[in-house]
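In what follows, a structure is listed as structure tokens, so that the remarks can point back to it.
Coordinate-derived values only; no laboratory data. Since the model is a prediction, treat every value here as computed from it, not as a measurement. All Cβ positions, glycine included, derive from the backbone under ideal geometry; neighbour counts span all protein chains shown.
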Amino acid sequence: MSAIVAESLRKAYGGVAAVDGLDLTVAPGEMFGFLGPNGAGKSTTIAMLCTLTRPDSGHASVAGFDVVRSSTEVRRLIGLVLQESTTDGDLTLMENLRLHDHLYGLPRRTFPARARHLLDLFGLAERHDRLARTLSGGMRRRLEIARGLLHEPAVLFLDEPTAGLDPHSRADVWNHIHALRRDRPLTVFLTTHHLEEAEHCDRILVLDRGRAVVRGTPEELKATVRADVVRLNTADDARAAMRIRRDFACDATVDAQGVRVVTENGAALVPRLCAALDTPINAVHVSPPTLNDVFLHHTGRAVTEGEYLR
Amino acid sequence: MRQQTVPTSSTVPPVDDALPTGGSLTRELRAVWALWQREMLRLVRSRTQVAMTLLSPLLFLFLLGPGLDTMLDTQAPGAGGADRGSYVAYLLPGILIMAVQMPALRAGGAIVRDREAGLLRATLVAPVRRDTLLVGRCMGGASAAALQAALLLILGPLAGLPADPGLLLLLFGAMWLIAFSLTMLGALAAVLVRRVETFQAMLGMVTLPLVMLSGALFPVGALPGWLTPVILANPLTYAVDAIRRMAAVEGVGPVGSGPIWGGWQPPVALELAVMVLLGLLALVVAARRFNRMD
């Protein structure tokens, strides 16, 4: 049985569809990435799957329970980490966890062991009696993830788990998520608007205007874009570009920075290029497709910079 | 006793250590208790804010009160020819209510702030009823407000309150009921309003007139008759009068200060009951709104 199933899920706000007929299936133990620009309907979908918002139509079930009819069971079996900070800054780390424990009606006897284990796992054990507001953004996010796991959920929802974090904290949060998955079998459903982050997922769904645009593994997704850019600096760029167009049937152009080749799989092309070209190659650079490329490819629109930064 | 239902499927069941315990009522009560406890911890950790909240009631009581006292002819006979007592003694119950009112309304409003902070969504996803979350927050907020006012209550004997521990305890109990009621009204306003700014503007606009028309600062009997319906509809009127009569400090001036229902003065217990009923009504309406909120 699937960990998460959604069928024709729909939710509109004021006549505007935020989620418009979404179908998805997530297998148990899978890390599933939900990718799209802000306003694509990611948070609304999470809210429906987490029983915070009722779908207008369609069905969804999490861990085998319908999100509308059996919302209490669903709540028991999911952990939710929101993109806003949701820890109480006036409470210590331990007190934040204990509040969660009380709200979930968990046994007091096992609380210290469970809390200590999670604080250890997330590298927060030494700070257990500090006020949460003294934590850095990355540590606070780690505390939130630890809290979301205190009741041993079957599915963990992470809504933009690294939003607002600097690159170092972002990598750090990811290291902890990976460590966590080695620690226990857990289905993770996460939203992001960074393609690099989606690399961590087993499968990805790209969402735009409430609809699924494309889905697949990270490799499949990137392959659909065929947008790796290979940059070459050679002794004779014009001649190299001509040879590439002729022998490799690739789109190769020459500009101020050298030869620009757009290809499906840049890394695989480079050794063949090196072997085939008779002009000496000075430098090669391969850049993978970005979310912008994936998005551009499937929707004809770019994810604007403004939506990236927020 | 376990009430947990675990799906009989390939999904990962929660480990035994983290299974919920107790019956459903026990669990809801535990959630209320945990939320109450959180407010208490917050109160203890925000001493500066408590001190600032208490500053204006203290100024009223120990500067404005004695200051105005010198202007008033307190030797002249009061209502029914009785000795009027000092203005400070008159002011004390009103100041106690003022001290309860601000933190109570603000605690109710914390729901708006929490919604903006995402704190609310994090608790909303817990497997407890939404009304439970509301009640827990408001119990905590009310207790925090009553405790803040209790600091003033301890200074009460300096302002003419009998230094009787039993009486002080009774007053504290009444103030807790009033605080609960006001917190609920704050919560009701909070669930009706989406933005913190709107809530604060609303609070600022409403509180001063309510205090003015409650008899907290001067006897409302002296006000023009067309204000009578407003005075009788003002919850603070009942709160102030109940505390004043319990504290047994007599009013200043030739006119009465409490609410009169068609020539009949409701007893203290009824005045408190009015407050409690109002609070419960606000709770029911707020809970219904809260349950439907996305």
Gyration tensor verdict on segment A:125-187 (Cα atoms; rounded if a/c is under 1.5, prolate if a/b is larger than b/c, oblate otherwise): oblate
Got a sec? How would A:CYS50, A:CYS250, B:CYS138, A:CYS201 order by Cβ neighbour count within 10 Å, fewest to most? A:CYS250, A:CYS201, A:CYS50, B:CYS138
J(HN,Hα) series, segment B:137-145, from Karplus relation 6.51 cos²θ - 1.76 cosθ + 1.60, nearest Hz, glycine and proline x: 4, 6, 4, x, x, 5, 5, 4, 5
Arrange A:ILE46, B:ILE97 by Cβ neighbour counts within 10 Å, fewest through most, would you? A:ILE46, B:ILE97
Using alpha carbons only, how many angstrom separate the centre of segment A:123-149 from the centre of segment A:41-78? 27
Taking 8 Å as the Cα distance limit and 6 or more residues as the minimum spacing, I'd like the relative contact order of chain A as a percentage. 19
A:ILE204's amide H: which non-local residues (gap 5+, or another chain) put their own amide H closer than 5 Å, with H modeled 1.01 Å from N in plane and none for Pro or chain starts? A:GLY33, A:GLY216, A:THR217
What ranking do B:PHE60, A:PHE189 get, fewest neighbouring Cβ atoms within 10 angstrom at the top? B:PHE60, A:PHE189
Label segment B:125-245 by shape, choosing from rounded, prolate and oblate, from the square roots a ≥ b ≥ c of the eigenvalues of the Cα gyration tensor; if a/c is under 1.5 it is rounded, and otherwise prolate applies when a/b is larger than b/c, oblate when it is not. oblate
The protein assembly as shown, Cα convex hull volume normalised per residue, Å³: 202
Do any trypsin sites (Lys or Arg not before Pro) in segment A:208-250 lie in a loop, going by DSSP, with at most 13 other beta-carbon atoms within 10 Å of their beta carbon, and if so which? none
Among B:VAL196, B:PHE218, B:SER143 the positive-end extreme of the charge dipole of segment B:115-236 (Cβ point charges): B:VAL196
Net charge near B:ALA144 (other residues with Cβ under 13 Å of its Cβ; Lys, Arg +1; Asp, Glu -1) is +4
Under 5 Å from the placed amide H of A:THR234, counting only residues 5+ away or on other chains, we find A:VAL259, A:ASN282
